[in-house]
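Q: The following block contains the structure, expressed as structure tokens.
Just so you know, all these numbers are worked out from the coordinates, no wet-lab data involved. What you see is a predicted model, and the numbers here were worked out from it, not measured in a lab. Counting neighbours? That spans all protein chains shown, and the Cβs are built from the backbone with ideal geometry, glycine included.
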Amino acid sequence: MSLASLGGNLLGIVPLGDIVFYLNPLHLFLFVAILIFTFLIAISHTETQVEAEFGTLGDKKQSVGLKEFKARRFLSVICGIATAGAMITGDLYNFTLFMSLVGILNIGIISSVKQIGVLDSVFQYGLIAMMCSLPLFGGAAIVLGACGTVSLLAIQSMKPTAMMIFGAIMLFIGVCGESGIAPFFASKAEMFRTPGSPFLLIVHLSSLFIIIRAIEIVLIICT
Amino acid sequence: MRIGDIWNKLATPKRIPRLFALILGIFLIIGFMVPMGLNVDQLYPREAPQVQVEQGLAMAPYARGGEPLVSPGITKSAYPQYAPKLGWINSYVSPLSRFVMSLSPYFGTSIYSSPGGLIDEILYYTRGFDTVLESSILMMAFIIASWLSVNYTMNRRNDSENIKKDVKIAISNSDLIASEVEQNNIKAHRKQNRRDN
Amino acid sequence: MIYVPSTVPHIFSAMYIPAIYTGLIIGFFSLIAISMQKRDIHVLVLTDVVGFAMLIVVAGVGTDLAESFILPGLVVELAEVLAISEILISREMRKISADNPSASFNPMPMKYDMEILTTAPNFLSLLLIAYGVFLTGFTGGAIAGGGILLYILSRKARGLPVFVINGVSGVSGIGWCMWIIAFWIFFVAPQYWLLCLFLAACGLLLKVATKMGLIGVLMREEYGKD
């Protein structure tokens with residue numbers, strides 16, 4: 001399918017050698033939206049959870065220290081910028097690298113939590129992220145082998161073959177695992193029961209945006 | 001089995017990567033049924049193995065033509081119009097490397113490790129943004145790892161207090177040993193004295 | 001003389017199917033092994049095997065482009081192993097200290113009885129660093145970093161303070177900035193491509209070397225408290 005029928009007319013391109021960023025109304029909207037969210041997250045503060053203790057009448061406050069706060073804010077701002085970059089990139093391999101960057105930043109944002117259950121979840125998530133290097137880069141390489149190029153602007157006019165579709169679906173499985181959305185929600189729910197919520201929101205947001213973009217890319221390749 | 005049980009089993013984080021691995025493994029099997037074949041019309045093609053070695057080129061597997069600082073080499077990139085200085089890095093070899101090249105016919109195998117050459121052209125120039133992201137990924141991984149170890153693994157005990165405690169234990173230990181030695185000495189002296197008397 | 005053929009030579013297109021099938025088979029078996037494995041550390045090691053399968057699939061294409069795609073793939077694998085193993089260590093420590101608050105985490109002292117670490121570490125690491133600087137780029141960084149690693153390994157002192165770690169990471173950040181500046185000059189002012197090439201090569205050298213050095217510093221902190 002052509003780019004124009006999916007995201008609207010091409011507004012412009014940003015060429016950086018072989019890697020060409022292109023803008024159309026859909027990408028522009030996603031790009032601006034994620035940047036606004038990133039800005040909101042950058043100026044916000046962490047929330048403090050109050051847990052009721054068993055057996056006594058006392059409460060336990062779970063707050064985030066200043067150092068942890070700073071480290072997490074830095075990681076979440078970078079995560080927002082990386083997601084914004086993935087929205088406008090026009091190169092398949094570049095997209096997979098953006099995806100890995102978002103994946104490792106998601107791991108980093110959650111890994112600074114001190115609870116054992118959360119650390120266990122983030123470790124399991126990290127295992128999935130590591131396994132996903134095979135479907136992500138392997139899928140991109142299969143598309144490269146079938147098309148001879150990884151630029152989406154060139155791929156859009158090609159007739160899809162079975163091999164291209166296989167590569168695209170493989171890539172999509174990789175994106176699913178790396179951003180860990182819906183199928184792995186059980187694992188995520190475990191991670192989000194932690195203090196310091198606004199920074200964890202960027203994990204949700206980035207996976208949401210990336211999945212939208214990944215579906216668009218799969219459609220460009222497959223149809 | 002009821003669906004609630006399945007959800008409960010899935011809620012254990014430990015099972016998720018195993019399940020994911022199983023699904024991905026089964027998906028890879030489909031790859032054997034899909035007709036595969038390399039499209040021969042690729043970007044950045046290269047000669048077959050050993051062809052350039054047999055031709056006796058000094059930069060054997062990576063010789064792409066061009067003179068250093070005189071003429072650009074051949075780079076078949078996707079968008080030549082967006083890379084105005086295409087091929088110049090490809091043909092460039094630093095003077096030191098040129099000296100090594102005049103001595104050894106195998107310099108081409110270490111093209112990765114000298115400024116200039118085809119791989120540097122791809123990594124730094126035509127696909128430079130990939131390398132930017134790659135080094136950012138490495139940086140983020142180091143930030144995460146060193147943050148964890150600086151703030152937890154390394155500082156897991158209060159260092160100065162720990163040392164103080166260790167020193168105290170050491171002092172009391174040595175005191176103990178010294179007193180034991182002294183007492184043994186006294187005993188031995190007494191025995192000796194008894195025997196002498 | 002033909003330097004670059006117009007299409008991919010026949011040998012590569014003939015080898016593509018075996019290569020990609022090898023990759024798929026390795027990926028399949030390692031993934032099935034992961035799904036049957038019980039212990040977390042074994043799964044972590046097996047995910048690296050999955051990474052090898054990815055490298056084979058990428059390398060099967062057999063062009064210069066595929067060759068340059070291998071490096072990012074490899075680095076991403078390496079980076080993720082580093083971060084995730086650190087998470088595993090901290091999780092295990094927390095688990096043990098939650099069960100038994102007085103448990104000792106003093107790691108076993110490193111007992112390596114190698115003569116080379118007492119006689120010539122300074123000379124060897126200087127040699128390695130000099131050779132790394134000559135090579136520049138990623139490989140050079142790895143070799144120079146190996147020199148730093150050897151130097152730190154040979155020191156018997158207790159670990160370095162946090163300030164030094166921050167300093168080493170700062171140098172690495174400067175290397176990264178050099179590389180970013182070089183990348184922008186490439187497209188803003190292409191006539192200075194030679195300057196950019198050297199900025200990028202030296203930036204990568206600095207970055208990778210300091211990162212490897214940092215591994216050494218962390219290693220001494222982790223296991224060197226004897």
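Q: Could you calculate the FRET efficiency of B:Ile3 with C:Ile11 from 1/(1 + (r/R0)^6), where r is the beta carbon distance between them and R0 is 56 Å, rounded to 0.05?
A: Taking R0 as 56 Å, the efficiency between B:Ile3 and C:Ile11 is 0.60.
Q: How big is the charge dipole of the protein assembly as shown about its Cα centre, in debye rounded to the nearest 20, if each Lys and Arg gets +1 on its Cβ and each Asp and Glu gets -1 on its Cβ?
A: I would put it at about 1660 debye.
Q: Say R0 is 30 Å: what FRET efficiency, to the nearest 0.05, do C:Ile25 and C:Ile2 get from their beta-carbon distance?
A: 0.25
Q: Could you tell me which trypsin sites (Lys or Arg not before Pro) in segment C:1-110 are loop residues by DSSP with no more than 13 other beta carbons within 10 angstrom of their beta carbon?
A: In loop regions of segment C:1-110 (DSSP not H, G, I, E or B), the sparsely surrounded trypsin sites (Lys or Arg not before Pro) are C:Lys38, C:Arg39.
Q: Then there's this: To the nearest 20 debye, what charge dipole does chain C have about its Cα centre, counting +1 at the Cβ of each Lys and Arg and -1 at the Cβ of each Asp and Glu?
A: I would put it at about 460 debye.
Q: For chain A, what are the DSSP H helices with axial Cα length of 15 Å or more and mean Kyte-Doolittle hydropathy of at least -0.5?
A: A:25-43, A:66-88, A:92-111, A:116-131, A:133-147, A:162-179, A:197-222
Q: Bin all alpha-carbon pair distances of segment A:115-164 at 5 Å intervals from 0 and give each bin's fraction as a whole percent.
A: Binned Cα distances yield the sequence 5, 19, 19, 14, 10, 9, 8, 7, 6, 3, 0.
Q: Could you compute the FRET efficiency for C:Ser102 and C:Leu78, with r as their C-beta to C-beta distance and R0 at 45 Å, rounded to 0.05?
A: Efficiency, rounded to the nearest 0.05: 0.80.
Q: What does the charge count near C:Ala201 come to, summing +1 for each Lys or Arg and -1 for each Asp or Glu among other residues with Cβ under 14 Å from its Cβ?
A: -1
Q: Further, regarding this structure: Distance in nm between label sites at A:Ala162 and B:Ile26, each 7 Å beyond Cα in the beta-carbon direction?
A: 2.0
Q: Please label the shape of segment B:51-130 as rounded, prolate or oblate, based on the square roots a ≥ b ≥ c of the eigenvalues of the alpha-carbon gyration tensor (a/c under 1.5 means rounded; beyond that, a/b larger than b/c means prolate, else oblate).
A: prolate
Q: Run the quick spin-label model on C:Glu92 and C:Leu194: label points 7 Å from Cα toward the beta carbon, then report their separation in nm to one decimal.
A: Placing both labels 7 Å beyond Cα along the Cβ direction yields 5.3 nm.
Q: Restricting to DSSP H runs of at least four residues, report the calculated mean residue ellipticity at 222 nm for chain C, -39500 (n - 2.57) per run over all residues, nearest 500 deg cm²/dmol.
A: Using -39500 (n - 2.57) per qualifying helix, the result is -27500 deg cm²/dmol.
Q: Any chance you could give the angle, 0 to 90 degrees and rounded to 10, that helix B:15-33 forms with the longest Cα principal axis of chain B?
A: 30
Q: On a 0 to 90° scale, report how tilted helix B:128-148 is relative to the longest principal axis of chain B, with both axes built from alpha carbons and the result rounded to the nearest 10.
A: With rounding to tens, the tilt is 10 degrees.
Q: Any idea what the relative contact order of chain C is, in percent, if you count C-alpha pairs under 8 Å spaced at least 6 apart?
A: 19
Q: Based on DSSP H runs of at least 4 residues, each adding -39500 (n - 2.57), what is the mean residue ellipticity at 222 nm of chain A after dividing by all its residues, to the nearest 500 deg cm²/dmol?
A: The helix-only estimate for chain A comes to -22500 deg cm²/dmol at 222 nm.
Q: Taking chain B as the reference, fit the longest principal axis to its C-alpha atoms, fit the long axis of helix B:159-196 to the helix C-alpha atoms, and give the angle between the two in degrees, 0 to 90, nearest 10.
A: 40
Q: To continue, here is another question. How much mean residue ellipticity at 222 nm does chain B get from its helices, if each DSSP H run of length 4 or more adds -39500 (n - 2.57) and you divide by all residues, to the nearest 500 deg cm²/dmol?
A: Value at 222 nm, helices only, nearest 500: -17000 deg cm²/dmol.
Q: If you take the square roots of the eigenvalues of the alpha-carbon gyration tensor of segment C:15-78 and sort them as a ≥ b ≥ c, do you get rounded (a/c under 1.5), prolate (a/b over b/c) or oblate?
A: The shape class here is oblate.
Q: I need C:Ser30, B:Ser104 ordered by Cβ neighbour count within 10 Å, fewest first.
A: B:Ser104, C:Ser30
Q: Which whole-Hz couplings ³J(HN,Hα) result when phi for each residue of segment A:15-21 is put into the Karplus expression 6.51 cos²θ - 1.76 cosθ + 1.60, θ = phi - 60°, listed in order with x for Gly and Pro?
A: Those phi angles translate into x, 10, x, 6, 8, 10, 7 Hz.
Q: Taking the Cα centre of chain A as the origin and placing charges on Cβ (Lys, Arg +1; Asp, Glu -1), which of A:Ala4, A:Leu134, A:Gly108 is farthest toward the positive end of the dipole?
A: Positive-most Cα among the choices belongs to A:Gly108.
Q: Pull out a ≥ b ≥ c, the square roots of the eigenvalues of the alpha-carbon gyration tensor of chain C, then state rounded if a/c is under 1.5, prolate if not and a/b is larger than b/c, and oblate in the remaining case.
A: oblate
Q: Let me ask something additional. Please list, in chain and number order, the residues 5+ apart from B:Gly73 or on another chain whose amide H is under 5 Å from its amide H, with Hs placed from the backbone.
A: Distant-sequence amide H within range of B:Gly73: B:Trp88, B:Asn90, B:Ser91.
Q: Order by neighbour count: A:His27, C:His10, fewest other Cβ atoms within 10 Å first, most last.
A: Ascending Cβ contact count within 10 Å gives the list C:His10, A:His27.
Q: In whole angstrom, how far apart do the alpha carbon centroids of segment C:180-201 and segment B:65-136 sit?
A: Going from one Cα centre to the other spans 13 Å.
Q: Moving on. Could you work out the pair-distance distribution P(r) of chain A from its alpha-carbon pairs, with 5 angstrom bin width and percents rounded to whole numbers?
A: Taking all Cα pairs of chain A, the binned fractions are 1, 7, 14, 17, 17, 14, 10, 7, 5, 3, 2, 1, 1, 0 percent.
Q: Using the C-alpha atoms of segment C:1-121, what convex hull volume per residue, in cubic angstrom, is computed?
A: About 188 Å³ per residue, rounded to a whole number.
Q: Which value, to two decimals, describes the C-alpha radius of gyration of the protein assembly as shown once divided by 2.2 N^0.38 Å?
A: 1.09
Q: Okay, which of segment C:168-207 sit inside 17 Å, backbone N to the point 7 Å along the Cα-Cβ direction of A:Ala154?
A: none
Q: While we're looking at this one, here's another question. Charges only on Cβ, +1 for Lys and Arg, -1 for Asp and Glu: so what's the dipole of chain A about the Cα centre, in debye to the nearest 20?
A: The dipole magnitude comes to about 200 debye.
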